[in-house]
Amino acid sequence: MVYFILFFVVVLGGYLAFVFRRLDKQYVKLLLSFSGAYLLSIIVFHLLPHIYHELDGTTAGLLIMSGIVFQLILELFSQGAEHGHRQSFDDKTPWLLWFSLAVHAFLEGLPINEGHHLHHSYFYGILIHKLPIAIVLTTVMIEAGFSTIKIFTLLGIFALMSPLAAFLGKHTLFMSLYGVYVNAFVVGILAHIGTTILFENEHSHQFNVRKFLLIFLAMFLASVTS
């Protein structure tokens, strides 16, 4: 069921982009802000305490910073699509962009079955993160003139990555043996994504009451999620 939900939320985002083609971009930005705040809150409330309990500070810090640098490298090809940056491209498939998105989605799926047990708070965070990203990606492909079949084929590939990683994390010894190291690395990736969403989402950098309230709601929900 977990794998289906991870796949379905991306397809749902694509479907919503088709149904609400004229959806106000502001609503998508607000959803992105909520997802960014929730991811950061999950990191602070749940992931970091566990990582620093299991690893010494130097090792944890190196892995987290490595994750941040790795995400920066991925964004040389994805151009920030992981955190909602709208790309402009023609009707040719940008394969490097999709490859980098697939790598990102695979890595963020690994910690979901931490120690062979579902990490609920992290799972919810990934779901909330994927929905607006799928909406943005689908909207851009629609505007680029991609066919419906092509759009959902690419979305399907993207959607499969996290469930595949979660499955491997549960059914192999790798995450049991090295899960905390992987989690620290992924925390770096998601910390970069979350902060970028929050601080680059509004180009005017003007205070927005709705965004402010959504951030606090995300913080509260993350804090009470086990």
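Got a sec? How would HIS120, HIS50, HIS104 order by Cβ neighbour count within 10 Å, fewest to most?
Numbers: HIS120 13, HIS50 16, HIS104 26.
So the ranking, lowest neighbour count to highest, is HIS120, HIS50, HIS104.
Using the alpha-carbon centroid of each, what span in Å lies between segment 140-185 and segment 2-35?
Each part's Cα centre sits 16 Å from the other's.
For the chain, how big is Rg over Rh, using alpha carbon atoms and the Kirkwood form of Rh?
On the way: Rg = 16.9 Å, Rh = 17.7 Å.
Radius of gyration over Kirkwood radius for the chain works out to 0.95.
Using θ = phi - 60° and the Karplus form 6.51 cos²θ - 1.76 cosθ + 1.60, what ³J(HN,Hα) does each residue of segment 105-112 get, whole Hz, x for Gly and Pro?
These are the phi-based 3J(HN,Hα) values: 5, 5, 5, 6, x, 4, x, 4 Hz.
If each DSSP helix of 4+ residues adds -39,500 (n - 2.57) and the sum is divided by the residues in the chain, what number results at 222 nm, nearest 500 deg cm²/dmol?
Details: 9 runs with 171 residues, N = 226.
Theoretical 222 nm ellipticity from helices: -26000 deg cm²/dmol.
For ILE51, ILE151, what's the fewest-to-most ordering of other Cβ within 10 Å of each Cβ? Let's see the in-between values first.
Numbers: ILE51 22, ILE151 19.
The most exposed by this proxy come first: ILE151, ILE51.
Placing unit charges on C-beta atoms (Lys and Arg positive, Asp and Glu negative, everything else neutral), compute the dipole magnitude of the chain about its Cα centre in debye, rounded to 20.
Numbers: 11 positive and 12 negative charges, 118 e Å.
Dipole size: approximately 560 debye.
In degrees from 0 to 90, rounded to the nearest 10, what is the angle of the helix 25-42 Cα long axis to the longest principal axis of the chain?
On a 0 to 90 degree scale, this one is about 10.
Scan the chain and report its longest stretch carrying no trypsin sites (Lys or Arg not before Pro) that are both in a DSSP loop and have at most 10 other Cβ atoms within 10 Å. It would help to have the intermediate numbers written out before the result.
Details: sites that count: ARG22, LYS92.
In the chain, the maximal stretch lacking such sites is 93-226.
In degrees, nearest 10, range 0 to 90: what is the angle between the Cα axis of helix 209-224 and the longest Cα principal axis of the chain?
Tilt relative to the chain: about 40 degrees.
May I ask for the angle, rounded to the nearest 10°, between helix 120-143 and the longest principal axis of the chain, with both axes built from Cα atoms and the value confined to 0 to 90°?
20 degrees
Every read-out reported here was derived from the displayed coordinates using simple, explicitly stated rules and does not represent laboratory data. Small disclaimer: the values here were computed from a predicted structure and weren't measured. So basically every Cβ, Gly included, is an ideal-geometry build from the backbone, and we count neighbours across all protein chains shown.
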